[in-house]
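Shown next, in structure tokens, is the structure this report addresses.
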Amino acid sequence: MADQYAQSSEDKRPTQIPAVPAIRWDDPPEGPVLVLLDQTRLPGEEIELVCTDAPALVDAIRRLAVRGAPLLGIAGAYGVALAAARGFDVDEAADSLAGARPTAVNLAYGARRAQAAYRTAAASGADPRRAAGAALEAARALHAEDAEASTRMAAHGLALLDELLPGGQHRVLTHCNTGALVSGGEGTAFAVALKAHREGRLRRLWVDETRPLLQGARLTAYEAARNGMAYTLLTDNAAGSLFAAGEVDAVLIGADRIAADGSVANKVGSYPLAVLARYHHVPFIVVAPVTTVDPGTPDGAAIEVEQRGGHEVTEVTAPYVPVAGMEAGGGIPVAPLGTQAYNPAFDVTPPELVTAIVTEEGVLSPVTAEGLAELCARSRQVTIS
């Protein structure tokens, strides 16, 4: 019954989808700008947003036009550099960016890193232009580091898959979107699957739809198609039957925050997959850069989980195509008027359900607070040296 579910991946026609960078700095004559690929318009349109100040970027972050933990860190750093380059209040910009989405620790990390670079330069006597240049240099360095981390995570992740699942031809289930759209490189969890595909060891990528905003259906399928991968889309609530049928060899997800004890906050729906994986004896693997680990958050209960608007659940949005005269981005009601909705953006998986955490510095398994602290300490030593 191996491929009875595989409808979407057998069409091998070229996708004709160009690779538009998820984020880029531009410096036109009228002044520097930060340019974002608007992910709310994918996969139907590749439209770029131009941000000229931090408030515009904060709005883009909250609307999920730019999203994903590593990329949010990069965006936060560039946002502070943008404020500095245009002569706005750098501290105010850093504060507003750091708090734009509370769960994603990388966002605050990136904003504070660029802010620190600006402050250090200013304190050493640099004029505003040179201090702004220091902030931009910090943002570009973070961007480059994340790209390198992505490559290393992919290598470590595939080696782990090959160790856990000898023989190759892996069938991997993923949730939400963790590819180039969330990274300075080719992603986190998706990058592992992509490397397996390129080396002929990916049999099937199972793509969770990821309700309510369909990041899997809209974005992961978009990236899988662009890369010619064998993939199949499923609704989130079909995952259990897929496990029961023996069709999943491993689960690969990303993370928005990893607490000091190894608890993992990721897109809501990740925790049920961890429970299913444990019951069915399937490895549950988290792939994230060390910057996603937050030693200041002691455990899963201390992670602030972002609660989003109920309309995302009670309405189906039309992200890029007007429906029945609606404006793009409008909602089609699917619940009675006045229905209350529970809409956490993330859930938290305890460390005992995580088979391994894959970072650019290596693989942690079993997942323990002590092991995570050693991994972070090793990362700091590498960065300093």
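The values are calculated or read from the model by the stated rules, or taken from the named source; none is laboratory data. Please read all numbers here as calculations on a predicted model, not as lab measurements. A quick note on method: Cβ atoms are made from the backbone with ideal geometry, for glycine too, and the neighbour counts reach across all protein chains shown.
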Worksheet item: Looking only at segment 221-231, which residues are within 14 Å of Asn177 (Cα to Cα) and not in a helix (DSSP H, G or I)?
Response: Tyr231
Worksheet item: Which residue pairs have Cβ atoms closer than 6 Å, lie 6 or more positions apart in sequence or on different chains, and pair a first residue in segment 24-44 that is in contact (Cβ under 8 Å) with a residue 12 or more places away in the chain and farther than 13 Å from Leu57 by Cα with a second residue that is among the aromatic types (Phe, Trp, Tyr) and part of a loop (DSSP other than H, G, I, E, B)?
Response: Arg41/Tyr320; Gly44/Tyr320
Worksheet item: Looking at segment 219-236, is at least one residue closer than 30 Å to Pro295 by Cα and touching a helix residue (DSSP H, G or I) at 6+ places or on another chain (Cβ under 7 Å)?
Response: yes
Practice prompt. List every residue pair whose Cβ atoms sit under 7 Å apart, with the two residues 6 or more apart in sequence or on different chains, where the first one lies in segment 237-266 and is outside any strand (DSSP E or B) and the second, anywhere, is aromatic (Phe, Trp, Tyr).
Written response: Leu242/Trp206; Val248/Trp206; Asp256/Phe346
Worksheet item: Restricting to segment 208-233, what's the tally of residues that are of a type outside the set (Val, Ile, Thr) and over 22 Å from Ala65 (Cβ atoms)?
Response: 6
Worksheet item: Tally time: how many residues in segment 37-73 are in a strand (DSSP E or B) and under 18 Å from Arg226 (Cβ atoms)?
Response: 2
Item to complete: Among the candidates Ala69, Ala77, single out the residue that is buried (at least 24 other Cβ atoms within 10 Å of the Cβ), of a type in the set (A, V, I, L, M) and under 21 Å from Thr120 (Cβ atoms).
Response: Ala77
Worksheet item: Mind checking whether some residue in segment 119-139 is closer than 12 Å to Leu252 by Cβ, of a type outside the set (Phe, Trp, Tyr) and in contact with a Ser or Thr (Cβ under 9 Å, 6 or more places away or on another chain)?
Response: no
Worksheet entry | strands (runs of 3 or more DSSP E) enclosed by segment 342-385 - at least 1 residues per element that are touching a Ser or Thr at 6+ places or on another chain (Cβ under 7 Å), modelled with pLDDT of 95 or more and not β-branched (Val, Ile, Thr) | 346-349, 356-359
